[in-house]
Amino acid sequence: MTTGSIIALDIVIAVLAAASWLAAGATAATTALSAAGVSEPADTADHGRAGTASRRRLAIGLAVVAVIAILARVVTTIVLIRAGWWFAAEKVLIAGPLALAALLVAGPRVVRWVKGGRPPVVALLFAGYAQTAAVLVTVLHGYPVSSAAVLLAFGGVGGATMVTWRLAGPPPGRAVSRAPVVVTVAVITAGLVLVVAQRPAPAVPHAHGSVAEPAVAEPTRRFTLTAGTATVRADGREIEAWAFNGQVPGPPLTATVGDVLEVTLRNRDIDRGVTLHWHGYDVPNSQDGVPGVTQAAVLPGEEFVYRFQADQAGTYWYHTHAVSDIGVRKGLYGALVVQPSGTQVRDPAARGTGIEVIVPVHTLDGRSLPEAVEDTADAGTPVRLRLINTDSTTHRYALTGAAFRVAAVDGVDLNRPSALLNTAVLIPAGGRYDLTFTAPATPVGLFVDGRVVWSTGPVAVPPQAWPVLDLLTYGGSVPNPLPRADREFTLVLDRGLDMHGFLPRYAHTVNGAADPDIAPQVVRSGESVVFTIVNRSLVVHPWHLHGHHVLVLSRDGERARGSPLLLDSFDVRPGEVWKVAFRADNPGMWANHCHNLAHADQGMILHLLYG
Amino acid sequence: MRKALVVVTTVLLAVFVFQFVFAAVGAFTRPAGDGAYLLHSVTGMAIIPALCVLTVLFAVLARAPGRVVGMTVIPLGLVILQALIAMLANSFTDASGSSTTLSLIIGGLHAFNGIIAVHVVVGVLREAQKLPVPGSVLTGTTT
């Protein structure tokens, strides 16, 4: 089992434990009431006694289930500790003591009840509250363990138990009941005070002094992109979209290494503003297109001119970074392809020595783009499919009918990629793979999630059972001593409650905080930086650092053994731990975020900063 | 307060019924785009929890017996569990986000839990209606 499924299983077991304790308590309460003659009419007393006995058995059975679930949770917790302390911290420090208290309080009383004592209603419910608090801590604020979470969990359990006591149990004497009330109120108050006090100081000032950037030569390639609302046809439907130059995707921008690109962005009527971010293209900071960080959003009627040198060949894409979740989803994206120097800039449709096809996959209002294209390719023709995932979720690609190589990932060529047959590839949100192959005489088909998008004839849908390529063992390794880390950061990805202004939200968090409360990562120019990225949430987070490609060092402690992987978008799945490194060689203030743009919107974005 | 409890519980029950309708709306929206389950999500994560809290509050204010107050807490717990089940179901999908047998089984519990919650709310409503009307003894003696 993967660590990700253990994380989920652990929550399922914890919920089962909580539900069992609570149900045992509620069932015990009904036996207590009928024993006191509250709800059973006298003429059904015999029947009531039989019912009471069976309910007593049920309650005891439920308590046994709860104990078994707690023991199972000990096992899952140990497995998670072995995977990394990040996954288990709150389970050991908060859930552990709570579960132990539940066992110590409820256990002996249930045993006494079995021997004929009184139904331990309050004790069972206390165990249920303790276990519920344990689940809530994991789900609402698991990492890092904070004293506020500890106080609120313990105080909450105490408070709920006292209310129950008042409602269900024998009324304790006034003097006895006052002390725990005071303690509980104090604990909860202290917890709340800590929640307010511990909120990290607002992150960096978002406006920063611009860094000196090299002057850019006269442009050799000029483009104009005008953003506006438009009605586009997709899949036979008219869809209200946001489009560059009235089309979704926007026009593909092509260039050759050495070109200087000048792209004029105009906004016709996108009220919330637009920018252009060159995804994966490590441009100078001022051209990065992040509103509020590297420029102001371009509002209706305004324009912004981007100018940068094309010095990396490969497959990239551009998209708006202003209200990026909605903007990209509604269609403000397009391909950016840079050919190696020495080749002529060519239209992707133009047929020269080989065939090149750009496949930017996107989901536009529930419709899958691009629409299927049937092409012709003479046997022996070299083919390059430039696959771009512009959605916020992973897509599964499968090529049938030919052996292929993954020639490049995220624009960077791989070293000695081997031929693959009947193998699927998973491309993370924002990621790009270049597949190359020589066209055979028989048809070839490219499928995305089982839907054909490009083919050279009739082809059958590839089976779902194909193995998935693991990039970390693909291609030839290069003897390359790892750079010594000058600076290391750990990013623990999770979900948690967060105050956004005065409104609480269930945010996607990094180290327990959500944007704009995440402390910036400050490094020095020239340093070698290592990120350890840990996903303790239940969903995949496609990580994307602006302005740099990162070298993958290891995943879950296993070193990358294949071709060196320089990525700008990589999926950190639930339970995974990635170590990546990069050289701080492109000064500025860079967004560092989850490229599931809804997650970024809900807090999962921070900034890397150096001058 | 007894009346308020009856009213808020009735509203909660009605919203629960609509919540099933909204689930069907999500399931039958074509194309199954971004906002198919929006009504279902907003109702389930904002309106229903708020009504559940009000139910507990009014039960306490109406000085309902502990058993009834306890019953009013159950829907709140089930609703929190309901959101958790939806999250867990999504976490058991495969790497490209497609459903698996396990994710569908857990997703199925979402429906099951919903049915249980409705039954509990019906039970709360019955109990609320049975609560003694304040002042009824007095009215009885004067007429």
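Filter segment A:135-149 for residues that are polar (S, T, N, Q) and more than 14 Å from chain B (Cβ to nearest Cβ); which is nearest to the chain's Cα centre (by Cα)?
If we take residues in segment A:135-149 being polar (S, T, N, Q) and more than 14 Å from chain B (Cβ to nearest Cβ), then A:S146 is nearest to the chain's Cα centre (by Cα).
Would you check which residues across segment A:508-535 are assigned to a loop (DSSP other than H, G, I, E, B) and in contact with a Lys or Arg (Cβ under 7 Å, 6 or more places away or on another chain) and list them? Break it down into steps so the answer makes sense when it comes.
Initially, segment A:508-535 is screened for residues assigned to a loop (DSSP other than H, G, I, E, B), giving A:511-512, A:514-520, A:523-527.
Of everything in segment A:508-535, those that are assigned to a loop (DSSP other than H, G, I, E, B) and in contact with a Lys or Arg (Cβ under 7 Å, 6 or more places away or on another chain) turn out to be A:D517, A:V523, A:E527.
How do the pairs read when you match residues in segment A:458-471 that are within 11 Å of chain B (Cβ to nearest Cβ) and over 25 Å from A:A377 (Cα atoms) with residues anywhere that are part of a strand (DSSP E or B) and among the small types (G, A, S), using Cβ under 8 Å and keeping only pairs 6 or more apart or on different chains?
If the second residue must be part of a strand (DSSP E or B) and among the small types (G, A, S), the pairs left are A:V468/A:A424.
I'd like the full set of residues that are among the aliphatic types (A, V, I, L, M) and more than 14 Å from every other protein chain (Cβ to nearest Cβ), limited to segment A:441-451.
Hits for segment A:441-451 are A:A441, A:V444, A:L446.
So which strands (runs of 3 or more DSSP E) are wholly in segment A:357-431 and hold at least 1 residues that are farther than 14 Å from A:F447 by Cα and at pLDDT below 95?
A:367-369, A:382-389
Are there any pairs, at least 6 apart or on different chains, whose C-beta atoms fall under 6 Å, with the first in segment A:301-320 and within 22 Å of A:H362 (Cβ to Cβ) and the second among the acidic types (D, E) and crowded, with 22+ Cβ neighbours inside 10 Å, and if so, which?
Short answer, once both residue conditions are applied: A:T315/A:D434.
Return yes or no: is A:L538 in contact (Cβ under 8 Å) with a residue 12 or more places away in the chain, assigned to a loop (DSSP other than H, G, I, E, B), under 30 Å from A:V406 (Cβ atoms) and within 14 Å of another protein chain (Cβ to nearest Cβ)?
Yes.
Given the options A:T138, A:T132, name the one that is under 22 Å from A:A32 (Cβ atoms) and either in contact (Cβ under 8 Å) with a residue 60 or more places away in the chain or in contact with a helix residue (DSSP H, G or I) (Cβ under 8 Å, 6 or more places away or on another chain) (or both).
After applying the criteria, what remains is A:T132.
Looking at (1) part of a strand (DSSP E or B); (2) within 14 Å of chain B (Cβ to nearest Cβ); (3) closer than 30 Å to A:D235 by Cα; (4) not β-branched (V, I, T), which is the only condition A:W454 fails?
Condition not satisfied by A:W454: (2).
Take A:T436 and decide whether it is part of a loop (DSSP other than H, G, I, E, B) and more than 14 Å from chain B (Cβ to nearest Cβ).
no
Which condition breaks for A:A179 when tested against (1) modelled with pLDDT under 90; (2) not aromatic (F, W, Y); (3) not in a helix (DSSP H, G or I)?
(3)
Can you tell me which residue among A:L503, A:L493, A:L497, A:L471 is out of contact with any His (no Cβ under 7 Å at 6 or more places or on another chain) and surrounded by 15 or more Cβ atoms within 10 Å (Cβ to Cβ)?
Result: A:L471 is the single residue among A:L503, A:L493, A:L497, A:L471 that is out of contact with any His (no Cβ under 7 Å at 6 or more places or on another chain) and surrounded by 15 or more Cβ atoms within 10 Å (Cβ to Cβ).
If you scan segment B:19-72, which residues turn out to be among the small types (G, A, S) and away from every other protein chain (no Cβ under 11 Å)?
B:A23, B:A24, B:G26, B:A27, B:S41, B:G44, B:A46, B:A50, B:A62
Can you pull out the residues in segment B:73-95 that are in a loop (DSSP other than H, G, I, E, B), surrounded by fewer than 19 Cβ atoms within 10 Å (Cβ to Cβ) and within 8 Å of chain A (Cβ to nearest Cβ)?
B:A95
Kindly provide the set of residues from segment A:14-24 that are more than 9 Å from every other protein chain (Cβ to nearest Cβ) and either buried (at least 21 other Cβ atoms within 10 Å of the Cβ) or within 23 Å of the chain's Cα centre (by Cα) (or both), ordered by number.
A:A14, A:A17, A:S20, A:W21, A:A24
In this structure, does B:L131 turn out to be more than 11 Å from chain A (Cβ to nearest Cβ) and either at pLDDT below 75 or within 12 Å of the chain's Cα centre (by Cα) (or both)?
no
If you go through segment A:313-331 one residue at a time, do you hit one that is surrounded by fewer than 19 Cβ atoms within 10 Å (Cβ to Cβ), assigned by TED's automatic domain parsing to the domain that holds A:P219 and closer than 19 Å to A:F223 by Cβ?
no
What single numbered condition from (1) touching a residue at least 40 places away in the same chain (Cβ under 8 Å); (2) touching a helix residue (DSSP H, G or I) at 6+ places or on another chain (Cβ under 7 Å); (3) surrounded by fewer than 21 Cβ atoms within 10 Å (Cβ to Cβ) fails to hold for A:L125?
A:L125 satisfies all of (1) touching a residue at least 40 places away in the same chain (Cβ under 8 Å); (2) touching a helix residue (DSSP H, G or I) at 6+ places or on another chain (Cβ under 7 Å); (3) surrounded by fewer than 21 Cβ atoms within 10 Å (Cβ to Cβ) except (3).
What number of residues within segment B:18-31 satisfy the criterion of being of a type in the set (A, V, I, L, M) and either out of contact with any helix residue (DSSP H, G or I) (no Cβ under 8 Å at 6 or more places or on another chain) or at pLDDT 95 or above (or both)?
Counting residues in segment B:18-31 that are of a type in the set (A, V, I, L, M) and either out of contact with any helix residue (DSSP H, G or I) (no Cβ under 8 Å at 6 or more places or on another chain) or at pLDDT 95 or above (or both) gives 3.
The values are calculated or read from the model by the stated rules, or taken from the named source; none is laboratory data. Fair warning: this is a prediction, and the values are worked out from it, not measured in the lab. Glycine gets a Cβ as well: all are built from the backbone with ideal geometry, and neighbour counts include every protein chain shown.
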